[in-house]
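*Asks:* Supplied in structure tokens, the structure appears directly below.
The values are calculated or read from the model by the stated rules, or taken from the named source; none is laboratory data. Remember, predicted model here, so these are calculated numbers, not experimental data. No Cβ is skipped: glycine too gets one built from the backbone with ideal geometry, and neighbour counts run over all protein chains shown.
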Amino acid sequence: MLRSSKANASVMTDIVDAPSLTSTALKEEELFPIREVCRLTGVNPVTLRAWERRYGLIQPVRTDSGHRLYSLADIESVRSILAWIERGVTVSKVGKILAKTTAVKAASSKGYEQITATEWEQWQAQLRQAVSHFDEPALDRLYGQVFSTYPLPVVFQDVFMPVWQELLLNQDQFGQTSEWLFLDGFLRARTLQRAHLTQGQYSAKVLLVALPGACRELELLVASLLLSGGDFGVTALGLGQPLKELTLICEKTRPRGVVVFSNQPPADDLPATLKRLALGINCPLAFAGDGADLASDSLVGSPIACLGSEGRLMPRRLQQFLAGHLDT
């Protein structure tokens with residue numbers, strides 16, 4: 001999965017040898033031919049063209065002779081499409097999700113303009129190299145460097161989790177399962193350590209619980225870090241926590257609020273499930289994760305707040321909701 005310097009040189013030679021691009025600006029952007037995109041993502045050329053022509057999910061630029069060239073953003077879009085398909089979303093519905101996600105990220109990007117996709121790709125290349133060699137000391141150094149350079153949402157959502165997701169989606173390839181397990185174990189240990197260190201910093205607590213079968217442990221732990229802030233910390237309950245027992249837990253711990261988390265498409269009965277849960281607990285209830293983006297329309301007018309999945313916005317929305325200033 002690592003694009004070596006030799007591969008980079010080959011790609012750039014292909015671009016230079018291709019007929020001149022129609023825009024000077026495009027010449028300055030790193031672009032990739034379709035065969036390289038197929039190698040990086042595992043998607044065949046026929047599928048890429050179908051996603052472009054039939055659904056408009058990606059829009060590669062063309063050389064004067066008509067050859068497709070893809071940007072880093074296009075490659076990330078392909079990986080996002082794969083992730084949604086893996087979660088059970090049909091291709092025909094992915095476009096709407098991607099458009100909404102792009103709009104949310106654009107709205108939350110103030111203050112991050114200096115961070116480019118190329119920077120993230122460079123960090124991810126180093127990350128892939130450390131993981132492919134199962135080099136924990138190198139991975140640990142890289143983790144520290146990224147944390148000292150960027151804010152928490154960028155660290156996870158733009159650097160580490162895309163590689164984690166990429167390995168997860170490609171577990172049918174030899175060695176990918178081992179690499180994913182290595183990175184997953186490393187990140188779970190670091191997120192648990194960070195959560196433990198911050199537990200005493202907050203005067204109030206919010207409980208985070210996964211919708212059964214709707215995420216993996218690391219996704220839940222990362223969400224707890226992203227949501228924490230202000231005067232409250234977020235404690236993630238164990239994966240597999242029964243929703244019907246939340247009433248008991250809330251009675252004994254008296255949290256300031258409860259957040260249900262899901263990264264899967266919502267089931268038809270989800271709104272009814274969440275509304276019943278909201279009636280049974282003695283504190284405000286919110287919904288977060290990719291599933292919240294998809295369920296937001298069905299929860300309009302209910303007492304449940306949809307926090308979305310964007311790490312730069314989730315803690316702000318949660319703070320506003322608990323203060324009574326966020327419309328539901």
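*Asks:* Being surrounded by fewer than 16 Cβ atoms within 10 Å (Cβ to Cβ), of a type outside the set (Phe, Trp, Tyr) and modelled with pLDDT of 75 or more is the requirement here; does Gln145 meet it?
*Replies:* When the stated conditions are applied, Gln145 passes them.
*Asks:* Mind checking which residues of the stretch 165-205 are at pLDDT 95 or above and among the hydrophobic types (A, V, I, L, M, F, W, C)?
*Replies:* Trp180, Leu181, Phe182, Leu183, Phe186, Leu187, Ala189
*Asks:* On to the next question. Scan the stretch 188-219 for residues that are under 23 Å from Glu251 (Cα atoms) and buried (at least 16 other Cβ atoms within 10 Å of the Cβ) and jot them down.
*Replies:* Those that are under 23 Å from Glu251 (Cα atoms) and buried (at least 16 other Cβ atoms within 10 Å of the Cβ): Tyr202, Lys205, Val206, Leu207, Leu208, Val209, Ala210, Leu211.
*Asks:* At least 1 residues that are touching a residue at least 60 places away in the same chain (Cβ under 8 Å) and among the hydrophobic types (A, V, I, L, M, F, W, C) in each: list the helices (runs of 4 or more DSSP H) lying fully within the stretch 206-322 that qualify.
*Replies:* The helices (runs of 4 or more DSSP H) meeting that bar are 217-227, 290-295, 314-322.
*Asks:* Looking at the stretch 158-178, I want the residues that are more than 14 Å from Glu86 (Cα to Cα) and have a partner that is surrounded by fewer than 17 Cβ atoms within 10 Å (Cβ to Cβ) with Cβ atoms under 6 Å, at least 6 apart or on another chain. Which pairs are those?
*Replies:* Thr177/Gln171
*Asks:* Let me ask another. Give the residues of the stretch 119-156 that are free of Cβ contacts under 8 Å to residues at least 40 places away in the same chain, outside any helix (DSSP H, G or I) and over 20 Å from Val222 (Cβ atoms), sorted by residue number.
*Replies:* His133, Asp135
*Asks:* Could I ask something else about it? In the stretch 256-284, what residues are in contact with a Gly (Cβ under 7 Å, 6 or more places away or on another chain) and either crowded, with 22+ Cβ neighbours inside 10 Å or under 21 Å from Ser228 (Cα atoms) (or both)?
*Replies:* Phe261, Ser262, Asn263, Pro266, Cys283, Pro284, listed by residue number.
*Asks:* Within the stretch 285-298, restricting attention to residues that are charged (D, E, K, R) and surrounded by 18 or more Cβ atoms within 10 Å (Cβ to Cβ), which residue is nearest to Arg216 (Cα to Cα)?
*Replies:* So, considering only residues that are charged (D, E, K, R) and surrounded by 18 or more Cβ atoms within 10 Å (Cβ to Cβ), the one nearest to Arg216 (Cα to Cα) is Asp290.
*Asks:* OK, next. Collect the residues in the stretch 223-255 that are crowded, with 22+ Cβ neighbours inside 10 Å and among the hydroxyl-bearing types (Ser, Thr, Tyr), keeping them in residue-number order.
*Replies:* Ser224, Ser228
*Asks:* Among the residues of the stretch 283-328, how many are over 19 Å from the mean Cα position of the chain (by Cα), assigned by TED's automatic domain parsing to the domain that holds Phe261 and of a type in the set (D, E, K, R)?
*Replies:* Summing the residues that are over 19 Å from the mean Cα position of the chain (by Cα), assigned by TED's automatic domain parsing to the domain that holds Phe261 and of a type in the set (D, E, K, R) in the stretch 283-328 gives 1.
*Asks:* Considering only residues that are in contact (Cβ under 8 Å) with a residue 24 or more places away in the chain and closer than 23 Å to Val159 by Cβ, which ones fall in the stretch 49-83?
*Replies:* Tyr70, Ser71, Leu72, Ala73, Asp74, Ile75, Glu76, Val78, Arg79, Ile81, Leu82, Ala83
*Asks:* Mind telling me which of the residues Leu313, Leu307 ends up being buried (at least 23 other Cβ atoms within 10 Å of the Cβ), at pLDDT below 95 and under 18 Å from His325 (Cβ atoms)?
*Replies:* Leu307
*Asks:* Could you check, for the stretch 103-113, whether at least one of its residues is among the basic types (Lys, Arg), modelled with pLDDT of 65 or more and outside any loop (DSSP other than H, G, I, E, B)?
*Replies:* no
*Asks:* Within the stretch 164-187, restricting attention to residues that are aromatic (Phe, Trp, Tyr) and part of a helix (DSSP H, G or I), which residue is surrounded by the most Cβ atoms within 10 Å (Cβ to Cβ)?
*Replies:* Taking the candidates together, the pick is Trp164.
*Asks:* Which helices (runs of 4 or more DSSP H) does the stretch 1-100 wholly contain that include 1 or more residues that are at pLDDT 90 or above and assigned by TED's automatic domain parsing to the domain that holds Val163?
*Replies:* Per the criteria, no element qualifies.
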